[in-house]
Amino acid sequence: MLKRGYEAGENLGAASSALKRLRIHHDNAPMSGANTTGKALSNDDYIVGWICAITTYVAAQAFLDERHGRPKYVCVNDSNDYTLGKIGEHNVVIAILPGNGIAPAACVARDMLQSFPNVRICLSVGIGGGAPSSKHDIRLGDIIVSTPNEGSGGVFQYDFGKTIQDQSFQHIGFLNQPPIFLQTAVNGLKAQYMSEGHHLNEAINNILEKKPRLQPIYKRPDSVTDRLYESHVVHPLQCQGSCAVVCGNDPTKLIKRRERGEHEDNPAIHYGTIASANQLMKDASIRDELAAEKGVLCFEMEAAGLTNHFPCLIIRGICDYSDSHKNNDWEGYAAMAAAAYTKDLLSRIPPNTTERQKRIAEHLSGDLVTTASEMADSQKNKDSQEYACDCSDPHKSKEWQRYAAAIAAAYASELFEELPVAESDARVPCMLNPRKLA
């Protein structure tokens with residue numbers, strides 16, 4: 001049982017030492033494919049952390065200049081799956097998300113930083129749903145990069161806010177902006193693209209020529225499949241047919257868009273606010289509302305779990321329009337486009353720039369100590385971590401219950417990770433171990 005007198009700050013060093021000693025050995029056989037190298041690198045040699053879902057995980061591996069196989073060890077509580085390699089002059093550790101949602105993304109990043117403590121750059125690369133408007137001509141296959149916009153940090157958690165009686169739901173979920181050196185690199189690459197154009201399609205095609213097995217999923221679909229329907233046109237809920245058949249190509253249902261010119265980038269790169277939540281956005285009316293009110297360019301399901309705790313840049317390839325017509329046709333190409341852009345971005349960052357950044361783990365330790373200490377103080381007269389839910393207001397009760405449960409779970413997770421663990425018995429009861437909760 002956790003002792004009430006435990007002081008989180010006093011045991012950070014012991015916890016870190018214990019976690020370093022407790023390691024699980026993995027098969028270190030090199031992965032198949034070109035550019036595999038037998039270099040023996042330690043976990044401390046990896047500076048760039050790249051977090052993605054399975055579709056982008058495949059694309060990310062394809063863009064590695066070198067493959068270093070899998071890690072020789074990870075910390076005992078780290079259940080992530082990793083691929084190690086090099087892009088340009090940067091050693092990169094790539095981790096795959098176990099599922100969608102804010103919490104899995106935060107857990108993957110946390111565990112990565114325990115096993116790879118020298119990571120100084122965090123990149124969340126994946127796919128998302130676009131929010132096209134008259135101001136932003138976003139199309140399938142385009143790329144969205146989170147950048148500060150009109151006072152926001154680049155990521156907006158749209159399911160986090162407050163409800164006030166007789167008023168509408170108020171969003172309060174703008175999150176931290178990316179580190180300055182990443183913003184500078186984004187602007188430098190933006191200027192390069194404006195002057196010279198990009199070669200993302202050429203890079204993708206080169207990958208697909210070398211790996212024809214990927215072509216069915218990752219090649220660019222025909223442009224005729226890029227249909228943007230009017231917001232009032234809803235795909236029938238129970239109908240599994242394609243939009244081409246069910247919704248048709250009636251010009252009155254589609255938003256007409258001109259073809260992109262010869263000297264325009266295609267895919268295009270857009271910079272601004274990415275909206276994140278635990279739920280998938282498939283509602284064109286809400287999409288349009290948030291695009292108009294908050295300047296949202298893209299919707300996705302992981303970024304909010306990272307940006308407020310992990311200095312991070314979010315990059316998304318657009319695979320649908322966040323409406324009822326969502327399908328999987330463009331997911332592979334969108335993932336490839338996002339990965340290709342990420343490789344170009346890393347090529348603009350000199351290795352000594354990354355090396356002089358603080359380790360992300362150093363940013364986190366203070367947050368964990370503060371959070372754990374504050375919560376422990378607030379509960380010092382209780383034997384267990386319980387949060388009372390104010391259910392007196394029926395409009396607030398369910399939202400507050402979910403929030404209270406999330407805070408309690410976050411506290412348990414953070415406290416568990418900081419506790420020193422005896423080498424002879426690394427297990428703790430399931431009720432105290434957030435990684436074992438089903």
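Each reported figure results from applying straightforward, stated rules to the coordinates on display, with no laboratory input. Keep in mind it's a predicted model, so treat the numbers as computed, not measured. Every residue, glycine as well, gets a Cβ built from its backbone with ideal geometry; the counts of neighbours run over all protein chains shown.
Structure above, values below:
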item: Label-point separation in nm, Glu362 to Ser231, each point 7 Å along Cα→Cβ; result: 4.7 nm
item: Contour excess over end-to-end distance, with Cα ends at Asp65 and Lys210 and 0.36 nm allotted per residue; result: 50.9 nm
item: Cα-based Rg and Dmax for region 18-362, where Dmax is the largest Cα-Cα distance (Å); result: 20.1, 65
item: Exposure proxy ranking, count of Cβ atoms within 10 Å, fewest first, for Phe181, Phe299, Phe63; result: Phe181, Phe63, Phe299
item: Stokes-Einstein translational diffusion, region 49-121 - Kirkwood Rh over all Cα pairs, 0.692 mPa s, 37 °C, in µm²/s; result: 265 µm²/s
item: Residue list for region 282-319, given a label point 7 angstrom along the Cα-to-Cβ vector of Ser133 and an amide N cut-off under 13 Å; result: 286-299
item: Restraint check, Lys211/Lys343; Lys190/Lys343; Lys86/Lys210; Lys211/Lys282; Lys253/Lys282; Lys86/Lys358, Cα-Cα greater than 24 Å; result: Lys211/Lys282
item: Sorted largest first, extent of region 180-309 alpha carbons per principal axis (Å); result: 46, 39, 31
item: Gain in span if fully extended, Arg257 to Glu150, counting 0.36 nm per residue against the direct Cα distance; result: 35.8 nm
item: Phi-based couplings in Hz for region 79-95 (Karplus 6.51, -1.76, 1.60; Gly and Pro marked x); result: 9, 5, 9, 10, 10, 10, x, 9, 10, x, 9, 9, 7, 10, 10, 10, 10
item: Label-point separation in nm, Ser347 to Asn249, each point 7 Å along Cα→Cβ; result: 3.6 nm
